[in-house]
1. Can you tell me the orientation of helix 176-191 relative to the chain, as the angle in degrees between its alpha-carbon axis and the longest Cα principal axis, to the nearest 10?
2. Taking the alpha-carbon distance from residue 103 and a cut-off under 27 Å, which lysines remain once sequence neighbours fewer than 8 residues away in the same chain are dropped?
3. Scan region 97-178 for GluC sites (Glu not before Pro) in coil per DSSP, keeping those whose Cβ has at most 16 other Cβ atoms within 10 Å, and list them by number.
4. Let me make sure I get this right: for region 55-149, a, b and c are the square roots of the gyration tensor eigenvalues over alpha carbons, sorted descending. Under 1.5 in a/c it's rounded, otherwise prolate if a/b > b/c, else oblate. Which is it?
5. Name the residue from 131, 176, 204 whose Cα lies farthest towards the positive end of the charge dipole of the chain, charges +1 on Cβ of Lys and Arg and -1 on Cβ of Asp and Glu.
6. Grab the DSSP H runs of the chain that are 4 residues or longer, score each as -39,500 (n - 2.57), total them, divide by all residues and round the 222 nm result to the nearest 500 deg cm²/dmol.
7. Around residue 91, what is the net charge, scoring Lys/Arg as +1 and Asp/Glu as -1 over all other residues with Cβ under 14 Å from its Cβ?
8. Can you work out the base-10 log of I(q)/I(0) for region 13-60 at q = 0.27 1/Å, using the Debye formula on its C-alpha atoms alone?
Amino acid sequence: PVTVINREPPEEEIERWEEDGIMACYIGADREQAGICQGEIILDTKDRGDRNEDGVISCVMITGDDDNPDFWSRRESARRTLEEAGFSVDILFEESGDGEMLKAERLAAEALTIYGEQVEVIFCGNDEMALGAEKAIRQAGRTVGEDVYLVGVDALREAVALVEEGRMTGTVFNDYKTQARMAADAAVAMAGGEEQEPAQRVGYIKIVQPGALPGQLSSNPRE
């Protein structure tokens, strides 16, 4: 029996397990939901991410490793969430930060230099890159929550602290504790001969400032 955790296999591989009766299952998050949560966090801000109220959300996308489908899904689902809410999305600048803080800082600084006040939102594929972008925002004389928004994914301790201070708009928690428990339960069950659903997904959790969203998680979920 095989339990795959967190990194989702291709859909055709999961279908193969079921069709061929292979004792295997995937435990993890829905990769698209992270981007949906990012988009929803922006839509729940005071001006819904559209600071100049022109019906267009002008944004910067700092994505991650091109070989990781999770990053691509986050980018696409965030964009789609904004569009489904009735906004046009203008991606002013898009580059891969390779998941790295320093590279993301450089890219965010470049985007802010080129596009200035046109930038309304910066989407980062993970919190490591969001931390770099936050530094670039401050160095550019911009203020998160006032003239730009910034979201990441992962709920790193440092990022959650910035969210609580208002220096990041929000992040998204990949609930690894629940995934670990479910994976262990699935492994024990399969070892005992019990079949499992091929794909079992755990929901992401939006992390925003206290009072910003109903039901928000305002403390560090890792503790």
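The values are calculated or read from the model by the stated rules, or taken from the named source; none is laboratory data. Keep in mind that this is a model prediction, so the values were computed, not measured. Because the Cβ atoms are built from the backbone with ideal geometry, glycine has one as well, and the counts that use them run over all protein chains shown. Calculation scope for accessible area: heavy atoms of the full protein, side chains included, ligands and nucleic acids excluded. Shrake-Rupley method; radii C 1.70, N 1.55, O 1.52, S 1.80 Å.
1. Helix 176-191 sits at roughly 10 degrees to that axis.
2. Once the sequence-local lysines are set aside, what remains near residue 103 is 135, 206.
3. 146
4. Oblate, because a/c is 1.5 or more while a/b does not exceed b/c.
5. Looking along the dipole axis, the top candidate is 131.
6. Calculated mean residue ellipticity at 222 nm is -13000 deg cm²/dmol.
7. -2
8. -1.00
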